[in-house]
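Heads up, the thing below is written out as structure tokens.
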Amino acid sequence: MVHVSHRPAGRPDATSPAPRSDVVPLASRRDSPTQRALRVLACFSPTRRELSLTQIAVATGLPMSTAHRIVGELVGGGALVRSGKSGYHVGIRLCEIAASSPHGTGLREISWPYLEDVYEATRENVLLAVRDGVDMVYVARLSGRDSVPVLRDVGRRRSLTTTGTGLVLLAHAPTEVQEQVLHGPLRRYTSKTVTDPDELRVVLAEVRRTGYAATEGTLAPRAMGCGVPVRGANDEVVASLGVVAHSGAAQPRMLVPVLMGPARGLSRELGAPSARRSLPGTRRSCPV
């Protein structure tokens, strides 16, 4: 997975709250060795790129000796790398493994020309997201210097209920997944965040009826977003293509048509029967 942005380094994404994936569930005695190793890896994030052994032990709830042993094994396997005298960061081996995910490099390479098309038409944040369980994960992003500054880190888990891309994925998720999300904690990010399950059911039904989702101020006060579905070989929704723009600068009636064409083209490349009636296009190469 890759995050490509034309925004200057150091410009903060101040309008977004801290993502919930910063919280790592504490280990329990019933955890298997694999589960404990995964908890250690889950401590790292774009905001916590380097951690000490003590920080890892505290974040996971593991005894220091256990954390030391697991970290040592992960270093030996290349999943973690020792930095300096006491710090660790994620190793390139994990990047190599992640690149084999069908939601990673492969999907990003196929989708890139379509993200470029949307960006050229909007000059705003363009995002491709997939659902993983009850969370959404961004797998590609393209943004510009003047795009609304919102937190859209590639690879981070986000709520399915607060963005246009997330609502599209949730609306087309299995019923049991929808109910699990709606019966779980629904965090309020702004005064416009929808946290009532019955109201969200109405929203999801409207997304299925219209074929798109639009939000404004539900995650960040000055941002509005739209998302449309991307379909796979069995016409199932496998991803969501979306735009996040400045509130007041664009309307869904302007953004949805811009998204629909590229989403249909991407769906066609993924083998979606409903998209095969589109005129054939030429796929461009993804930048390295």
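Each residue in the stretch 224-270 was checked for being of a type in the set (Lys, Arg) and within 23 Å of residue 154 (Cα to Cα), and 2 pass. The residue of the stretch 202-222 that is nearest to residue 118 (Cα to Cα), among those that are in a helix (DSSP H, G or I) and under 22 Å from the mean Cα position of the chain (by Cα), is 207. Being over 17 Å from the mean Cα position of the chain (by Cα), part of a strand (DSSP E or B) and surrounded by fewer than 22 Cβ atoms within 10 Å (Cβ to Cβ) is a condition met by no residue of the stretch 223-233. Picking from residues in the stretch 54-94 that are charged (D, E, K, R) and touching a residue at least 12 places away in the same chain (Cβ under 8 Å), the one that is nearest to residue 35 (Cα to Cα) is 73.
Assess whether residue 163 counts as being touching a residue at least 40 places away in the same chain (Cβ under 8 Å), in the same structural domain as residue 112 (by TED's automatic domain parsing) and within 14 Å of the chain's Cα centre (by Cα). For residue 163, the condition - touching a residue at least 40 places away in the same chain (Cβ under 8 Å), in the same structural domain as residue 112 (by TED's automatic domain parsing) and within 14 Å of the chain's Cα centre (by Cα) - is met.
Pick from the stretch 47-104 the residues that are of a type in the set (S, T, N, Q), surrounded by fewer than 14 Cβ atoms within 10 Å (Cβ to Cβ) and in contact with a helix residue (DSSP H, G or I) (Cβ under 8 Å, 6 or more places away or on another chain): which of them is modelled with the lowest pLDDT? That would be 47.
Restricting attention to the stretch 234-264, the residues that are assigned to a loop (DSSP other than H, G, I, E, B), of a type outside the set (A, V, I, L, M) and farther than 23 Å from residue 135 by Cα total 2. With respect to the conditions (1) more than 28 Å from residue 108 (Cα to Cα); (2) part of a loop (DSSP other than H, G, I, E, B), residue 198 lacks only one, and its number is (2).
Annotation: of all residues in the stretch 151-165 being of a type in the set (Lys, Arg) and part of a loop (DSSP other than H, G, I, E, B), the one that is modelled with the highest pLDDT is 156.
Residues that are surrounded by 15 or more Cβ atoms within 10 Å (Cβ to Cβ), farther than 18 Å from residue 173 by Cβ and of a type outside the set (S, T, N, Q) within the stretch 194-221 comprise 214, 216, 217, 219, 220, listed in sequence order. With respect to being in the same structural domain as residue 227 (by TED's automatic domain parsing), touching a helix residue (DSSP H, G or I) at 6+ places or on another chain (Cβ under 6 Å), touching a residue at least 40 places away in the same chain (Cβ under 8 Å) and crowded, with 24+ Cβ neighbours inside 10 Å, residue 121 falls outside the description.
The values are calculated or read from the model by the stated rules, or taken from the named source; none is laboratory data. Since the model is a prediction, treat every value here as computed from it, not as a measurement. All Cβ positions, glycine included, derive from the backbone under ideal geometry; neighbour counts span all protein chains shown.
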